[in-house]
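The values are calculated or read from the model by the stated rules, or taken from the named source; none is laboratory data. Quick caveat, the model's predicted, so the values are computed rather than measured. Here Cβ is always computed from backbone atoms with ideal geometry, including for glycine, and neighbour counts include all displayed protein chains. Quick note on the areas: whole protein, heavy atoms, side chains included, nothing else; ligands and nucleic acids left out. Shrake-Rupley method; radii C 1.70, N 1.55, O 1.52, S 1.80 Å.
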Amino acid sequence: MSYKVETLSKNATTTIGEAPHWDELTQTLLFVDLLAGNVHRYNTFNKIEEKRHIGEHVSLVVPRKCGGYVVGTGVNISHLDWVSGNLTTLATVEVPEGGKFNDGKCDASGRLWAGTVGPKLSPTVFKPESAFLYSLDTKQNIKQHLDKITISNGMTWTNNNTKMYYIDSTPRIIYSFDYNLTDGTLANKQELIKFPQENFKTLGNPDGMTSDVDGKIWCAFFGGSCVIRFDQETGQEISRIDLPTSLITSCCWGGKNFDELYVTSAKRGLTDELAGSVFRVTGLGTSGTRAETYWG
């Protein structure tokens, strides 16, 4: 595989760049600076990058059909009016004190999926099995689907919406589920990939992910300086994208033909030149699914 890595926005984030999401209508890339409480959008036409400071932990951003954005803020899912900066709470979850929303995205029906992390035991360690996975439908009904999660992270669906893949980062597992798009239910939970502890020092933890039109999974590795493409049937590595900083957080497809992979990274104490940057990868020979769309 011959690919090209371009630094789209150098040092875009100061803490943890996360949750990239492509807004197909406006051809803009959305992402967050999680601990800084900032929501970013990068216009690929004029190369103008804007941000809004939410004032608190912000973990995900998804465009809303009626305008504005849906964001994860602490224990709330909220609507962000970009012009005014105002937040309106859509739903709130009850989690152990210190727990917060983490990664999330929409399925093809416009249903938002978002998980949490538990209370911190140290700056980098979360209380085990104290987090959850939820969905928020377009009528603002929130539903819990999974418990005993430690760090809820990446999720994606196959192009035909019959499978959902989901990451719990601390045990280093990518799960697969049978997925019912109509009613938003999960069944037949299986461990697709459990990464061995012996490669933790070189690969880090699985973080955010997406999928392509062939159903293959693309997973970012926090501490691994890479995004890896896996076979969805066998769990075997197919190919690897090497990136110029180590804390790679997530990835999404975008561009006019959905054949560009956008990759976020974290700064979080790193001193290398490109930490916290956003990258665009081209020449991958495939394109992404449009299953991850708008809320509402």
Would you mind finding the one in L30, L60 that is under 17 Å from L8 (Cα atoms) and either open to solvent by less than 60 Å² (accessible area, probe 1.4 Å) or not in a strand (DSSP E or B) (or both)? L30
Find the residue count for segment 63-73, including only residues that are open to solvent by less than 10 Å² (accessible area, probe 1.4 Å) and either over 18 Å from E18 (Cβ atoms) or outside any strand (DSSP E or B) (or both). 0
Given (1) surrounded by 13 or more Cβ atoms within 10 Å (Cβ to Cβ); (2) over 15 Å from the mean Cα position of the chain (by Cα), where does E94 come up short, assuming only one miss? (1)
Scanning segment 239-296 for residues that are buried (at least 17 other Cβ atoms within 10 Å of the Cβ) and among the charged types (D, E, K, R), the one nearest to G68 (Cα to Cα) turns out to be E292
I need a count of the residues in segment 58-85 that are among the small types (G, A, S) and under 21 Å from F132 (Cα atoms). 4
Failed item in (1) farther than 29 Å from Q236 by Cα; (2) of a type outside the set (S, T, N, Q); (3) out of contact with any Asp or Glu (no Cβ under 9 Å at 6 or more places or on another chain), with Y134 passing the rest: (1)
All positions within segment 124-148 that are under 15 Å from V70 (Cα atoms) and either in contact with a Pro (Cβ under 9 Å, 6 or more places away or on another chain) or open to solvent by 40 Å² or more (accessible area, probe 1.4 Å) (or both): D137, T138, K139, Q140, N141, I142
Residues satisfying the stated conditions in segment 221-238, i.e. open to solvent by less than 60 Å² (accessible area, probe 1.4 Å) and either more than 16 Å from the chain's Cα centre (by Cα) or not β-branched (V, I, T) (or both): F221, F222, G223, G224, S225, C226, R229, F230, D231, Q232, G235
Could you check segment 274-296 and list, in sequence order, the residues that are in a loop (DSSP other than H, G, I, E, B), under 17 Å from the mean Cα position of the chain (by Cα) and not basic (K, R)? G276, S277, T289, A291, E292, T293, Y294
When you check G85 against the structure, is it closer than 24 Å to S250 by Cα, touching a Lys or Arg at 6+ places or on another chain (Cβ under 8 Å) and assigned to a loop (DSSP other than H, G, I, E, B), yes or no? no
Segment 5-21 - residue that is within 15 Å of W253 (Cα to Cα) and touching a Lys or Arg at 6+ places or on another chain (Cβ under 9 Å) and, of those, most open to solvent (accessible area, probe 1.4 Å): E6
Scan of segment 151-164 for residues that are open to solvent by 10 Å² or more (accessible area, probe 1.4 Å) and in contact with a Phe, Trp or Tyr (Cβ under 7 Å, 6 or more places away or on another chain), ordered by number: I151, N161, T162, K163
Looking at the structure I just gave you, is L35 touching a Ser or Thr at 6+ places or on another chain (Cβ under 8 Å), more than 26 Å from A291 (Cα to Cα) and either open to solvent by less than 10 Å² (accessible area, probe 1.4 Å) or part of a loop (DSSP other than H, G, I, E, B) (or both)? yes
Can you name the residue in segment 104-123 that is free of Cβ contacts under 8 Å to residues at least 24 places away in the same chain and outside any loop (DSSP other than H, G, I, E, B) and is also least open to solvent (accessible area, probe 1.4 Å) among such residues? S122
